[in-house]
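Worksheet: one structure, shown below.
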């Protein structure tokens, strides 16, 4: 591999440059020709396909049904929502012409789909018998709301799921929260091998128009936080804006209760940023287009037997794994080692004359770079064990990294330095917006969420005002 084809900076020394080199040089992604857009190359899109399929299966098991609504939204629909819900005014991209003709009404390219879905819900829902609606759509959205995009982590266009549920009562709407957050948590843990912080957003950080927002928050190696999957309980706010009503069992008209939720391609950026190292990407086994890559090592004398052996190994392994035999003769084995390490393939298998003679395989784990041998006869079983260990290691590393960078503090004078050193600071808070704003001002960060698994200790006081604390809340710098 030529020098300029590998990573030229250390992750710990220049994370931003490392991140861009890792996702571009690995040939997973590329820049789009419009600022803030990203091209998903096959290896990168495979990750999204796996996330999509995994989440989609769990949604369907939970009773969520897929649907699809148009990309273009009439301007009057967006204005209708803006009139009813203070603070919700996304910066959208507009279609104003078709060919040489100016459109009678401007059309927005969806920043999110409430305004195109809910007028239809209003038409369709008549009785309590029609509910619940538990709809989801997989799509792309455009949000023209920032100046400094970061591939995957902060894009103008991204892919996601949009869950939109409608219930006859608030209790049913609230029950869905734990179910959907559970699906996202299982995806994050089992598929992405990541640990996130699950909690509730503060009132000032919740989704505009919602009653309550819940999220998973992640910390990247550069010390910035990223919001992952989220869930919003919208109460009857959108129902009032779009007249989503139904006749209850007593024949009385009521507004419906709604939820919305999403996971996006931002999570690909998170997993690659967290798991990668100075050699490039490290991809969890279930998200890698190839779980195993076989590299034959031979000279002219041993070429025939080594290639025959490698081909047999590939055939045997294909029954259980996604495997690629790198037969290219124009590249040296060393070049191939670096190439597949950059791509983060979980296991590399090397086969040469010695492996042929001993009926063995030499393996290298991408997560630890541990090298060892296994017998060809037991390869299926041994590789399955190795892949499981890789998942365990990646999840453990992610957990240890996050846990070691959450710092509790009761001293307002220290929180800015704690965040500046790449940490999340965890503080007691009274619940006042004024105090939240002051903590934000002093710390240089913002509140991420209030972790579900933490309760305020007895007699705790707010880090800013000294009054009785009601919540434990995390603050950090964010993308």
Inside segment 457-479, can you point out the residues that are surrounded by 21 or more Cβ atoms within 10 Å (Cβ to Cβ) and either at pLDDT below 95 or farther than 12 Å from residue 430 by Cα (or both)? 474, 475, 476
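Any residue that is out of contact with any strand residue (DSSP E or B) (no Cβ under 7 Å at 6 or more places or on another chain), in a strand (DSSP E or B) and closer than 19 Å to residue 364 by Cα - is there at least one of those in segment 281-300?
Looking only at segment 281-300, we keep the residues that are out of contact with any strand residue (DSSP E or B) (no Cβ under 7 Å at 6 or more places or on another chain), and these are 281-289, 298-300.
Now drop any that are not in a strand (DSSP E or B), which leaves none.
Taking every residue of segment 281-300 in turn, none turns out to be out of contact with any strand residue (DSSP E or B) (no Cβ under 7 Å at 6 or more places or on another chain), in a strand (DSSP E or B) and closer than 19 Å to residue 364 by Cα.
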Count, please, the residues in segment 32-66 that happen to be surrounded by 15 or more Cβ atoms within 10 Å (Cβ to Cβ), over 16 Å from the mean Cα position of the chain (by Cα) and outside any helix (DSSP H, G or I). 5
In segment 308-335, how many residues are under 25 Å from residue 387 (Cα atoms) and assigned to a helix (DSSP H, G or I)? 12
Scan segment 282-294 and tell me whether some residue there is in contact with a helix residue (DSSP H, G or I) (Cβ under 8 Å, 6 or more places away or on another chain) and more than 30 Å from residue 228 (Cβ to Cβ). yes
Report, ordered by the first and then the second residue, all pairs with beta carbons closer than 7 Å, sequence separation of six or more or different chains, a first member in segment 208-223 that is more than 12 Å from residue 477 (Cα to Cα), and a second member that is modelled with pLDDT under 95 and part of a loop (DSSP other than H, G, I, E, B). 208/85; 208/87; 208/88; 209/85; 209/88; 212/206; 213/206; 213/207
Among the residues listed as 355, 350, the single one being surrounded by 12 or more Cβ atoms within 10 Å (Cβ to Cβ) and in a helix (DSSP H, G or I): 355
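For (1) over 12 Å from residue 242 (Cα atoms); (2) assigned to a loop (DSSP other than H, G, I, E, B); (3) at pLDDT 95 or above; (4) assigned by TED's automatic domain parsing to the domain that holds residue 161, each residue gets a yes or a no:
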{"site": "69", "(1), (2), (3), (4)": "yes, yes, yes, yes"}
{"site": "73", "(1), (2), (3), (4)": "yes, no, no, yes"}
{"site": "78", "(1), (2), (3), (4)": "no, no, no, yes"}
{"site": "87", "(1), (2), (3), (4)": "yes, yes, no, yes"}
{"site": "94", "(1), (2), (3), (4)": "yes, no, no, yes"}
{"site": "111", "(1), (2), (3), (4)": "yes, yes, no, yes"}
{"site": "115", "(1), (2), (3), (4)": "no, no, no, yes"}
{"site": "121", "(1), (2), (3), (4)": "no, no, yes, yes"}
Spot the failing condition for residue 214; the list is (1) at pLDDT 95 or above; (2) out of contact with any helix residue (DSSP H, G or I) (no Cβ under 8 Å at 6 or more places or on another chain); (3) crowded, with 19+ Cβ neighbours inside 10 Å, and only one is missed. (2)
Members of segment 421-444 found to be closer than 19 Å to residue 225 by Cα and without any contact (Cβ under 8 Å) to a residue 40 or more places away in the chain, listed by number: 439, 440, 441, 442, 443, 444
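Quick grid of which residues meet (1) crowded, with 17+ Cβ neighbours inside 10 Å; (2) in contact with a strand residue (DSSP E or B) (Cβ under 9 Å, 6 or more places away or on another chain); (3) more than 30 Å from residue 171 (Cβ to Cβ); (4) not assigned by TED's automatic domain parsing to the domain that holds residue 381:
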| residue | (1), (2), (3), (4) |
| --- | --- |
| 241 | yes, no, no, yes |
| 250 | no, no, no, yes |
| 268 | yes, yes, yes, yes |
| 306 | yes, yes, yes, no |
Segment 96-109, residues that are in a strand (DSSP E or B) and without any contact (Cβ under 8 Å) to a residue 12 or more places away in the chain: 96, 97, 98, 101, 102, 103, 104
For residue 271, state whether it is within 30 Å of residue 17 (Cα to Cα), in contact with a helix residue (DSSP H, G or I) (Cβ under 6 Å, 6 or more places away or on another chain) and touching a residue at least 40 places away in the same chain (Cβ under 8 Å). no
Please list, ordered by residue number, the strands (runs of 3 or more DSSP E) wholly in segment 152-219 having 3 or more residues that are closer than 28 Å to residue 405 by Cα. 197-200, 212-219
Conditions (1) free of Cβ contacts under 8 Å to residues at least 12 places away in the same chain; (2) under 28 Å from residue 253 (Cα atoms); (3) in a strand (DSSP E or B): number failed by residue 134: (1)
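The values are calculated or read from the model by the stated rules, or taken from the named source; none is laboratory data. Remember, predicted model here, so these are calculated numbers, not experimental data. For neighbour counting, all protein chains shown are included, and Cβ atoms are generated from backbone atoms with ideal geometry for every residue, glycine included.
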